[in-house]
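These notes concern the structure reproduced below.
The values are calculated or read from the model by the stated rules, or taken from the named source; none is laboratory data. Worth saying up front: this structure is predicted, and the values here are computed from it rather than measured. Cβ coordinates were reconstructed from backbone atoms using ideal geometry, including for glycine residues, and neighbour counts include every protein chain displayed. What goes into the accessible areas is simple: the full protein's heavy atoms, side chains included, and nothing from ligands, DNA or RNA. Shrake-Rupley method; radii C 1.70, N 1.55, O 1.52, S 1.80 Å.
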Amino acid sequence: INSDERESNEYLTFYLFGRIMPKKGQWYLIHALSNLPEYIAQKARFVIVGGPPPGREHLSESLQQRIKDVGLESIVTLKGFCSNITNEMSKADVCIVPSLMRDPFPTTVLEAMSSGKPVIATNHGGAAEVIEDEVNGYLISPDDPEQFTKVLGNVILNREQVVEMGRRARKHYQDGFTLERFQNDWRELH
């Protein structure tokens, strides 16, 4: 699906990729969405891709129950584990990485940016070093669901900005994070 086709879709589609675990931010997303006015929320769809760690299958059930408890079943889908996220990433308009842990360098952020997707991520850890807030994505606090809600609402209501932010995200990736760029930088050090 190219950017123009996505732009004409009825819903803006957000994807969150990662193991189903509270520290990965799925419950944080649901908390933020539960505060989003319904007329805004209904303009978007949220897909959570990933499975729980082995032996912790109850986490998927718990998350599904939380989604149901706050009445978000019509806009939030749990997709389960996916061995190749490339196809799923192509369906996304925006990627969300609301991790509550300090991930030194979340590869999902770069995967999304290389695919031309703006990213909404927590502002600690490596994501804060890659995303330029309100330029090629958004940085949110890991402990401020009201801010998260506000950013989600802003993106949904201003969807025309998503394609341009995605272009900037891809350019930022190409300018600084490709293998060729890494190899050139490495050669310059030696």
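Residues considered: Glu111, Glu73. Of these, the only one that is open to solvent by 50 Å² or more (accessible area, probe 1.4 Å), touching a helix residue (DSSP H, G or I) at 6+ places or on another chain (Cβ under 8 Å) and at pLDDT below 95 is Glu111. Checked against (1) open to solvent by 100 Å² or more (accessible area, probe 1.4 Å); (2) at pLDDT 85 or above; (3) farther than 27 Å from Arg45 by Cβ, Leu189 passes all but condition (2).
Name, by its number, the condition in (1) touching a residue at least 12 places away in the same chain (Cβ under 8 Å); (2) out of contact with any helix residue (DSSP H, G or I) (no Cβ under 7 Å at 6 or more places or on another chain) that does not hold for Tyr39. All conditions are met except number (1). Yes or no: Glu129 among the charged types (D, E, K, R), farther than 24 Å from Ile30 by Cα and at pLDDT below 95? When the stated conditions are applied, Glu129 passes them. Inside the range 98-108, residues that are modelled with pLDDT of 90 or more and either surrounded by 24 or more Cβ atoms within 10 Å (Cβ to Cβ) or not hydrophobic (A, V, I, L, M, F, W, C) (or both) make up a count of 2. Within the range 114-123, the residues that satisfy the criterion of being of a type in the set (Gly, Ala, Ser) and either open to solvent by 20 Å² or more (accessible area, probe 1.4 Å) or over 22 Å from Asn87 (Cα atoms) (or both) are Ser114, Ser115.
Note on the range 16-25: residues that are open to solvent by 10 Å² or more (accessible area, probe 1.4 Å), under 20 Å from Gln147 (Cβ atoms) and either aliphatic (A, V, I, L, M) or not in a helix (DSSP H, G or I) (or both) total 0. Only one entry of Tyr28, Tyr39 meets the criterion of being open to solvent by 10 Å² or more (accessible area, probe 1.4 Å), in a helix (DSSP H, G or I) and touching a Pro at 6+ places or on another chain (Cβ under 8 Å), and that entry is Tyr28. Within the range 123-137, residues that are more than 14 Å from Phe105 (Cβ to Cβ) reach partners that are assigned to a loop (DSSP other than H, G, I, E, B) and open to solvent by less than 20 Å² (accessible area, probe 1.4 Å) with beta carbons closer than 8 Å, at six or more positions or on different chains, in the pairs Asn136/Pro118; Gly137/Pro118; Gly137/Ile131.
Summed over the range 124-146, residues that are open to solvent by 30 Å² or more (accessible area, probe 1.4 Å) and farther than 19 Å from Lys23 by Cβ total 6.
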